[in-house]
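Note sheet for the following structure.
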Amino acid sequence: MEAFFYGAALQWKMDIRSKTLLITCYAVPLLFFAIMGGIFTAVMPEAGKTLIQSMTVFGVSMGALIGLPPSLVEIYGGDIKKVYKANGVPLYLGLVLTNLSAFVHLFIMSVLLYLAAPPVFDAAIPENPGAYFIWLAVFILVSLSIASMIGLAVKDQAKTSMVSILVFLPSIMLSGIMFPAELLPKGLEAAGRIFPAVWGYRLMTESAFQFATLLPLLLLLAIAVVVCGILLRKVGE
């Protein structure tokens, strides 16, 4: 328990001084919402029906894929790992705490978008708010799990940023938030299905729950958890 509180305190200090966290989890998503929300609703008035979901998918993908990996590299690729070992903190705790911290920040950002979109852009509120926030939580978890694989697999900060961007861009472009995914060539539409953003957007915009939409997210989460476990063992060697 002492090791847990030590790790939590260390993570809290890292969060406070993390400019990356502030930029990727709050500044960029909210700025994108302020600019693109007006453009979307002006060019396509029907976009207001799914504006909350679209902006949330962008914000969560940005915060997870761009924001989380550098934090993991900082922990497992530098001196913090040595500090963990010296104080008897299990190595997996760094992964758990960074994911928990990122989850809280991304959920707060998503709530801000949910509250701001209707009065600012006359966006429609999801039909079932309770289900919406449950699917949002699932989408955040899966996005963070994919980001965790990147942060654990790539040890160099510059390479981590490059890989994160290479995953983030197709996630957004193929997700359906910019334009209907049905308009994409069949090959690109099929390729988009490997990214959680596609399924997260569908899940949060469906009027009725369909397990076929949730299943790919659960599979991605299971695969990511297994891969992260393997990578953590290698980090500890």
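Values in this text are rule-based calculations from the coordinates and carry no lab data. The structure presented is a predicted model; accordingly, all values stated were derived computationally and were not measured. All Cβ positions, even for glycine, are placed from backbone atoms using ideal geometry, and neighbour counts span all protein chains on display.
In this structure, D156 and V83 have a Cβ-Cβ separation that, at R0 = 25 Å, corresponds to a calculated FRET efficiency of about 0.75.
So if each residue of separation counts as 0.36 nm, and I subtract the Cα-Cα distance between L112 and L218, what length gain in nm does that give?
Values: separation 106, 0.36 × 106 = 38.16 nm, distance 2.61 nm.
Here the segment from L112 to L218 would lengthen by 35.6 nm.
Its Cα centre serving as origin, the chain has a Cβ charge dipole (Lys and Arg +1, Asp and Glu -1) of approximately 680 debye. Residue exposure proxy: I66, I108, I146, I194, ordered by other Cβ atoms within 10 angstrom of their Cβ from fewest to most, comes out as I108, I194, I66, I146.
Excluding same-chain residues fewer than 8 positions from K19, which lysines have a Cα within less than 29 Å of its Cα? Within the straight-line limit of under 29 Å, K19 reaches these lysines: K81, K82, K85, K155, K159, K234.
Relative contact order, percent, of the chain when contacts are C-alpha pairs under 8 Å separated by at least 6 residues?
Numbers: 276 pairs, mean separation 60.4, N = 237.
Across the chain, relative contact order equals 25 percent.
Candidate values (i) 18.1, 58; (ii) 32.4, 102; (iii) 19.2, 61 were compared with Rg and Dmax of the Cα atoms in Å computed on the shown model; the agreeing label is (i).
At 0.36 nm per residue, and after removing the present C-alpha to C-alpha distance, how many nm does the segment from V120 to E46 gain when stretched out fully? Intermediate values should be presented prior to the final figure.
Working: separation 74, 0.36 × 74 = 26.64 nm, distance 1.53 nm.
Extra length from V120 to E46 when fully extended: 25.1 nm.
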